[in-house]
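The values are calculated or read from the model by the stated rules, or taken from the named source; none is laboratory data. Keep in mind it's a predicted model, so treat the numbers as computed, not measured. Every residue, glycine among them, receives a Cβ derived from its backbone with ideal geometry; neighbour counts consider all protein chains shown. Just the protein is used for accessible areas: all its heavy atoms, side chains included, with ligands, DNA and RNA removed. Shrake-Rupley method; radii C 1.70, N 1.55, O 1.52, S 1.80 Å.
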Amino acid sequence: MGEYVFSSLEIDAIGEISNICLGNSATTLGMLVRQPVDITPPKVTIIEKSEYVKSVSSKRVFVKVSYVEGVQGCSILMLEEQDAKAIADLMMGSDGRGSFAQMELGELHLSAVSEAMNQMMGAAATSMSVMLERKTDISIPDTKYMESGEYLACEFPNDDKFVKVNFRMKIGDIIDSPIVQLYPHNLAKAISDLFLIKKAKQQQ
């Protein structure tokens, strides 16, 4: 993968992009679940895959979003099982604590979460298009419930370094949890480069 090290300027750029994209995603999710959705400003760090896998041992719901226009690559959103169930329950018109949220996590939950993430990340892609001055689009998300190490080894066998965007999401009084988004090293670099080029042009 190489030994490229992100500068503080690039990390700040990723944080700025994520903050705006996640804000628009929160608005979209709020409409889907009919609850107020608040997202904290993201914290951006660089992580090694091997170290991250050691620190996260339990199963998670992984949502892989592939960028098919504007930039190339994919990002991953990770949700706790109970949060995924609650989001699915809210989308079904319940209160986030109903029978659907109490069921064992299954395909219906994953399908509902995938649809929510599709609309959320679609809103984020629209925001990114404006910020990068380049039309950006995504494919339908791929959602799986797996052990973290198994998932990252399977989906990203050639990536050993990720940019981790960590934020907290609150949905009404039902969910208040940390959410993690991972960008493979090369995608994060491409996004930050495009954003910094745009800002440099604006300052000329």
Q: Please work out the Cα center distance from segment 104-120 to segment 148-204, rounded to the nearest Å.
A: 20 Å
Q.
Show me, for segment 103-116, the HN-Hα J-couplings you get by feeding each phi into the Karplus relation (A = 6.51, B = -1.76, C = 1.60, θ = phi - 60°), rounded to Hz, glycine and proline as x.
A. 5, 5, 4, x, 4, 5, 4, 5, 5, 5, 5, 4, 5, 4
Q. What residues have an amide H closer than 5 Å to that of Thr136, excluding those fewer than 5 places away on the same chain, when H is modeled at 1.01 Å from N in the peptide plane?
A. Ser129
Q: Could you compute the FRET efficiency for Lys135 and Tyr4, with r as their C-beta to C-beta distance and R0 at 22 Å, rounded to 0.05?
A: 0.25
Q | Paramagnetic reach from Arg34 (point 7 Å along Cα→Cβ, amide N under 12 Å) across segment 88-102 | A | 90-96
Q: Could you please state how large a percent of the accessible area of segment 19-166 is carbon and sulfur, counting protein chains only and using a 1.4 Å probe?
A: 50 percent
Q) Taking amide hydrogens as modeled 1.01 Å from N in the peptide plane, which residues meet the under 5 Å criterion relative to Gly73, leaving out close sequence neighbours? A) Tyr67
Q: Return one whole number: the accessible area per residue of the chain in Å², for a 1.4 Å probe.
A: 47 Å²
Q | Cα-based Rg / Dmax (Å) for the chain | A | 16.7, 58
Q: Using the charge dipole of segment 54-204 (Lys, Arg: +1 at Cβ; Asp, Glu: -1 at Cβ; taken about the Cα centre), state which of Ala88, Ala153, Gly70 has its Cα farthest towards the positive end.
A: Gly70
Q | Mean separation of Cα contacts under 8 Å, 6 or more apart, over the residue count of segment 1-122: relative contact order % | A | 23 percent
Q | Förster radius 25 Å - calculated FRET efficiency between Lys198 and Ser66 (Cβ-Cβ, nearest 0.05) | A | 0.65
